[in-house]
Amino acid sequence: MAVDYPAQYESTFTLNDGTGVRVRPIRADDIDHMAKLFEKFSPETVYFRFFSAMRSMPIDRLKKFCNIDYENQMALVACTMEDGDESLLGVARYVVIPEQPGTAEFAVVVADTWQNKKIGTHLLQRLVDVAKKQGIQAFVGLVMDENRKALGIIRNSGYKFKESAYEPGIRRVEFTLSDIDPALRVVKGGRT
């Protein structure tokens with residue numbers, strides 16, 4: 001059964017520099033936007049997110065990223081208007097792990113020029129809000145040891161997470177979605 005586009009998960013917030021950012025679920029017609037977002041990533045960002053060096057994202061993978069069921073998978077994109085067209089700044093997604101009820105694997109990536117502006121933190125917090133409504137209780141993810149920015153996103157979100165060695169150079173992080181200190185939450189609800 002197909003699920004309708006979940007417009008209830010759309011929101012907006014404002015960066016410290018005054019830039020308005022819209023957060024919304026990804027859509028099937030976002031393939032071109034996702035391809036353009038990928039082009040904004042440095043080789044390091046690509047390697048940290050996809051664990052391999054790629055010069056471009058194959059179209060079949062772009063389609064897979066954009067065509068989700070909104071139940072077992074969710075992807076939220078942060079976007080702003082540039083030259084009269086919507087431009088993606090980053091994306092946060094989760095995929096339910098069937099073998100681990102109530103658990104989903106998550107990932108967050110932000111275009112290099114938009115990093116260090118709390119976009120990743122905001123996306124993760126919105127993704128957690130959606131996941132909780134879908135009955136997900138925990139997130140797990142893989143992070144390269146040298147990817148300190150990814151761990152910073154989790155820390156800035158206020159989640160008490162555990163790290164463990166996964167394989168050489170890669171750490172497994174996990175946190176319970178309810179295990180948060182509200183005082184540590186950097187980004188509050190934003191402006192709607």
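Does at least one position in the range 183-191 carry a residue that is at pLDDT 85 or above, buried (at least 16 other Cβ atoms within 10 Å of the Cβ) and out of contact with any Gly (no Cβ under 6 Å at 6 or more places or on another chain)?
Checked against the condition, which is being at pLDDT 85 or above, buried (at least 16 other Cβ atoms within 10 Å of the Cβ) and out of contact with any Gly (no Cβ under 6 Å at 6 or more places or on another chain), the range 183-191 yields no hits at all.
Across the range 172-182, what is the total count of residues that are in contact with a strand residue (DSSP E or B) (Cβ under 7 Å, 6 or more places away or on another chain), at pLDDT below 85 and outside any loop (DSSP other than H, G, I, E, B)?
1
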(request) Output the number of residues of the range 100-129 satisfying the condition of being closer than 20 Å to Lys64 by Cβ and either of a type in the set (Ser, Thr, Tyr) or surrounded by fewer than 19 Cβ atoms within 10 Å (Cβ to Cβ) (or both). (result) 1
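Going through the range 90-102 one residue at a time, which ones are charged (D, E, K, R) and in contact (Cβ under 8 Å) with a residue 12 or more places away in the chain?
Arg93
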(message) I'd like to know if the range 111-123 contains one or more residues that are assigned to a helix (DSSP H, G or I), more than 17 Å from Leu76 (Cβ to Cβ), of a type in the set (D, E, K, R) and touching a Phe, Trp or Tyr at 6+ places or on another chain (Cβ under 7 Å).
(response) yes
(request) Could you check how many residues of the range 1-10 are surrounded by 15 or more Cβ atoms within 10 Å (Cβ to Cβ) and in a helix (DSSP H, G or I)? (result) 1
(message) Of the residues Thr12, Thr45, only one is of a type in the set (Ser, Thr, Tyr) and more than 17 Å from Arg93 (Cα to Cα); which?
(response) Thr12
(message) Of everything in the range 82-100, what is within 25 Å of Val140 (Cβ to Cβ) and among the small types (Gly, Ala, Ser)? Give them in sequence order.
(response) Gly90, Ala92
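How many residues does the range 138-159 hold that are assigned to a loop (DSSP other than H, G, I, E, B) and touching a strand residue (DSSP E or B) at 6+ places or on another chain (Cβ under 7 Å)?
2
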(message) Contact list please: Cβ distance under 8 Å, first residue in the range 103-120 and over 20 Å from Leu177 (Cβ atoms), second residue polar (S, T, N, Q) and assigned to a strand (DSSP E or B), pairs at least six apart or on different chains.
(response) none
(message) Just the residues that are among the charged types (D, E, K, R) and modelled with pLDDT under 85, please, taken from the range 139-162.
(response) Asp145, Glu146, Arg148, Lys149, Arg155, Lys160
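The values are calculated or read from the model by the stated rules, or taken from the named source; none is laboratory data. Remember, predicted model here, so these are calculated numbers, not experimental data. Because the Cβ atoms are built from the backbone with ideal geometry, glycine has one as well, and the counts that use them run over all protein chains shown.
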